[in-house]
1. Residues of the stretch 291-310 being open to solvent by 10 Å² or more (accessible area, probe 1.4 Å) and in a loop (DSSP other than H, G, I, E, B), which ones?
2. Does the stretch 251-263 contain any residue that is of a type in the set (K, R), within 20 Å of G169 (Cβ to Cβ) and in a loop (DSSP other than H, G, I, E, B)?
3. For the stretch 47-75, how many residues are more than 21 Å from R405 (Cα to Cα), part of a strand (DSSP E or B), at pLDDT 95 or above and open to solvent by 40 Å² or more (accessible area, probe 1.4 Å)?
4. Out of V414, V438, which single residue is of a type in the set (A, V, I, L, M, F, W, C) and in contact with a helix residue (DSSP H, G or I) (Cβ under 7 Å, 6 or more places away or on another chain)?
5. Checking V414 against (1) surrounded by fewer than 22 Cβ atoms within 10 Å (Cβ to Cβ); (2) touching a Ser or Thr at 6+ places or on another chain (Cβ under 9 Å); (3) on the phi < 0 side of the Ramachandran plot: exactly one of these is not met. Which one?
6. Go through (1) open to solvent by 30 Å² or more (accessible area, probe 1.4 Å); (2) modelled with pLDDT of 95 or more; (3) of a type in the set (V, I, T) one by one and return the number of the condition V118 breaks.
7. G339 - would you say it is small (G, A, S), modelled with pLDDT of 95 or more and more than 28 Å from A104 (Cα to Cα)?
8. Go through the stretch 184-202 residue by residue and tally those that are more than 16 Å from the chain's Cα centre (by Cα) and surrounded by fewer than 24 Cβ atoms within 10 Å (Cβ to Cβ).
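The values are calculated or read from the model by the stated rules, or taken from the named source; none is laboratory data. Not measured: the values here are computed from a predicted model. We place every Cβ from the backbone using ideal geometry, glycine too, and count neighbours over all the protein chains shown. Side chains included, ligands, DNA and RNA excluded: accessible areas come from the protein's heavy atoms. Shrake-Rupley method; radii C 1.70, N 1.55, O 1.52, S 1.80 Å.
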Amino acid sequence: MSRPGPSGGSGGPPRRSPGGSGTVDFLLTGAGQLVTCDPALGEGPLGLVEGGAVAAAGGRVVYAGPEAGLPADLAPAPGATRVDAGGRAVVPGFVDAHTHLVFAGDRADEFAARLRGVGYEEALAAGGGINRTVRETRAATDAELEAAAAARLATALAFGTTTLEAKSGYGLTTDDERRSLEVLDRLAGRSPVEVVPTFLGAHLIPEDFTADRDGYLDLLEHEMLPACAPLAEFVDAFCDRGALTVAESRRVLEAGARHGLKPKLHANELGSTGGALLAAELGCVSADHLLFCDEREAGALAAAGTVAVLLPGTSFLLRTGRAAPVQVLRDAGVTMALGTDCNPGTCYSESMQLMVALACVHGGLTPEEAVLAATDGAAHAVGRAGRAGRLGPGAACDLVVLAGRSYLDLAYHVGVNLAALVVKAGVVIARDGADTGVFAAQAPAGGGGPPPP
């Protein structure tokens, strides 16, 4: 980042944190385009600033705006990190609102079979799909699960993800669900990426309970949740054909709420199965997938403040010809978010850059909507609104310096890693696609404990 960048101003005076210190420990200048995702700080819905700068202290942004408007009292401290963006575009760190990070094995053969015409639900009914990954995850050691999940998390980091939601859901026993969450807890202690843990013991009714669905839900409610809730922030259920019914999903989410977990819901991926209305009824933080969503359902989601997490990689790779109905969601005023849905069966990708591109060319979002959905919208979907996904006073100094000069490259220049520099809380954590060494090679001794409130 040695090339000089342009300076100059746009818009009115930027906001600053009240009462902040004049000394900063991070200063970025030379941003050809600075995407703040805060309309009060720049032009349009992205709060775009030409010739931008970002200053931070203690991992939090104290200034984001025109470089020419940097206050004179914001002096870099000795040893401060200084970045010259060299005229490149700068965006907030990506927030991945939906992943299944902890699993063993892969299902590449099922993917190939799907390309030959074997449907997803057909594979699931034959014992493949989620059930297959459950068997392989149960058979894996803790070390194997952690190593595989750590590699995926490191890839996500290299592509610019600085906050990531991750679910259990491939164990479906008390011990295996808890150890999946323990893997996430240990990774959160090793990685600079903020990991947001979700309990998904209701991914489906496992094979060993096919004849006793209520028995599995009893186990989940009375044994799994007490064991797993201390390691999770959210509770989720897969409310769809071949998974859980609306009544079963309601039971799970209400039981999770009694343990202090905020609700999310996989909803309406495979059909109009009532999941979207259930998510609105229960005030879920997010409803995810939503390939089927009509005006009534979208209106209910908007009224409930439930975020629609769109997973364009999954709908694209399932090859159904269907994407979430973004015009219906737009018209209703639903906040939209993006996630990779990183999983072994329907979307094995850790790249939020790819999801931005697919959201545009497959999902029908504008580039501005897609960037917002991958940052500020996704932050709302994981309970981090105002803290992640934007570059404004008080927000975390999480950002990506792109290899190009425009945020449009995220949709336009595909198939490459555009993250030239990744910063988390004011610390450079990846450069040119490589971890800078802050992702510890070994988990710390001990570990465990609940996530912060």
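1. Once the filter is applied, which keeps residues that are open to solvent by 10 Å² or more (accessible area, probe 1.4 Å) and in a loop (DSSP other than H, G, I, E, B), the stretch 291-310 yields L291, F292, C293, D294, G305.
2. no
3. Qualifying residue count for the region: 1.
4. That would be V414, the only listed residue that is of a type in the set (A, V, I, L, M, F, W, C) and in contact with a helix residue (DSSP H, G or I) (Cβ under 7 Å, 6 or more places away or on another chain).
5. (2)
6. (2)
7. So G339 does not fit the description; no.
8. So the count comes out to 4.
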